[in-house]
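Shown next, in structure tokens, is the structure this report addresses.
The values are calculated or read from the model by the stated rules, or taken from the named source; none is laboratory data. Bear in mind that the values here come from a model prediction, so they are computed numbers and not experimental data. For neighbour counting, all protein chains shown are included, and Cβ atoms are generated from backbone atoms with ideal geometry for every residue, glycine included. Note: areas computed on protein heavy atoms with side chains; ligands, DNA, RNA excluded. Shrake-Rupley method; radii C 1.70, N 1.55, O 1.52, S 1.80 Å.
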Amino acid sequence: MVGRNKRYIVWFYLLSLLLGSFGTVGFVNQAGTLLDHSLSAKRLVDGFDVGVFGEMLARPEFGPIMASRAPATFFALLFLLATALFLPGVLQGYASTYRLPREDFFRACGRNLWRFIRLMIVAFIVFLIFTLALFGLRGALVKAADGSTSELLPVYVSFGSLFLIFLVMSVLRIWFDLAQADVVLSDQRAVRKSIGAAFRHTWRGMGRLLASYAAATIFAAIVLVAGIWVWMKFVPPANVIGAFVVSQLTLLLLLIPRFWQRGVAVTYYLQNMVQPIAVVETVTSVTVVAPVVPSTPPETQAS
């Protein structure tokens, strides 16, 4: 499904690259006022000197850090809004057995924008509650394990709790991915109904869905580690173009697992969540009329 619709991944990558470029303009302008006229810039071009970078941020000529952070935050939120706008069209395209026309794509985007915004608000609240609760519990467990006589117990508790947090967060992601698929593909206006249906099916198909999402996450981890290894092994510190190509190729490949998970949610919806359509057979009664054969007149028989 993802392979048939590779263009969606390319579009989202180009959108993120464009907005990311706009978001870094503020920092580039601030850094340029210092580095364009300083020999210290060579220590950041030929490598990354943390001391030079920190000194640059502390210089009064650099200006307030908020001046470069504000546009980055703005364009990050703009990308989030663009995701809510265009993702319904992606889900509609995944569910289609043919190449979705441009008109249908944007029609699905416009019809589901407000629904997706409401879903994202609910998802943010749920994720925030679980994140605070789980990491608070993890901190308490690690602190309690530090008081034990075993030196390895804190390590086991720390990594074990992180693994459990990963599983819980994956389940939450499955839940809201299914809700998004239900909102778009069933044209459900009541978001709460899609959230309820997705919650029930998340528990019903927990094994298959969690295994598929975990496989996509493992693939993403492999891509990330491979990208960092190639960057460190084959790209010299002074090769800015090489670093740009390797980093952007890694980011492009990292989009595949997330779209793969979206495809998993759409596939599960089509196989298990589509409401059956009742087929009513109409029976039409047919009246057969036999042809009337005229009888022979008596006088004709006599003759």
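Structure data summary
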{"item": "Neighbour net charge for residue 166 - beta-carbon separation under 12 angstrom, K R +1, D E -1", "result": "+2"}
{"item": "Two-site FRET efficiency, residue 82 against residue 104, from Cβ-Cβ distance with R₀ of 22 Å, rounded to 0.05", "result": "0.70"}
{"item": "Within the accessible area of segment 12-55 (1.4 Å probe), percent carbon and sulfur", "result": "69 percent"}
{"item": "Top positive-direction residue, dipole computed over segment 26-149 with Cβ charges, set 56, 37, 92", "result": "92"}
{"item": "Between segment 102-157 and segment 31-75, the alpha-carbon center distance in angstrom", "result": "33 Å"}
{"item": "Estimated [θ] at 222 nm from DSSP helical runs (n ≥ 4, -39500 (n - 2.57)) normalised by residues in the chain, nearest 500", "result": "-26000 deg cm²/dmol"}
{"item": "Qualifying lysines (Cα of each under 25 Å from Cα of residue 42; at least 8 residues distant if same chain)", "result": "233"}
{"item": "By accessible area with a 1.4 Å probe, ligands and nucleic acids excluded, highest first: order of 232, 1", "result": "232, 1"}
{"item": "Accessible-area order (highest first, 1.4 angstrom probe) of the listed residues 169, 273", "result": "169, 273"}
{"item": "Largest-first ordering by accessible area, 1.4 Å probe, given options 73, 83, 97", "result": "97, 73, 83"}
{"item": "Carbon plus sulfur fraction of accessible area for segment 185-224, probe 1.4 Å, in percent", "result": "64 percent"}
{"item": "Surface accessible to a 1.4 Å probe, residue 219 within the full protein complex, Å²", "result": "80 Å²"}
{"item": "Options 207, 224, 240, ranked by Cα towards positive dipole end of segment 141-282, top entry (Cβ charges)", "result": "207"}
{"item": "Protein accessible area in segment 99-181, 1.4 Å probe - carbon and sulfur %", "result": "73 percent"}
{"item": "Cut-off 12 Å, label 7 Å out along Cα→Cβ of residue 238, residues of segment 12-52 by amide N", "result": "42-43, 45-47"}
{"item": "Residue 129 - accessible surface, heavy atoms, 1.4 Å probe, Å² rounded to 10", "result": "100 Å²"}
{"item": "GNM result for the chain, Cα springs below 10 Å: residue of 220, 144, 123 fluctuating most strongly", "result": "144"}
{"item": "Coordinate range along principal axes, alpha carbons of segment 1-65, Å, largest first", "result": "51, 24, 17"}
{"item": "For the chain, accessible area per residue (1.4 Å probe, heavy atoms of protein chains only), Å²", "result": "64 Å²"}
{"item": "Sequence-distant aspartates and glutamates (8 or more away, or on other chains) whose Cα lies within less than 17 Å of residue 143", "result": "151"}
{"item": "For residue 125, net neighbour charge (Lys/Arg +1, Asp/Glu -1) across residues whose Cβ lies under 14 Å away", "result": "+2"}
{"item": "Dimensionless Rg/Rh of the chain - Kirkwood Rh, Rg from C-alpha atoms", "result": "1.26"}
{"item": "Net dipole in debye of the chain [+1 Lys, Arg Cβ; -1 Asp, Glu Cβ; about Cα centre; nearest 20]", "result": "200 debye"}
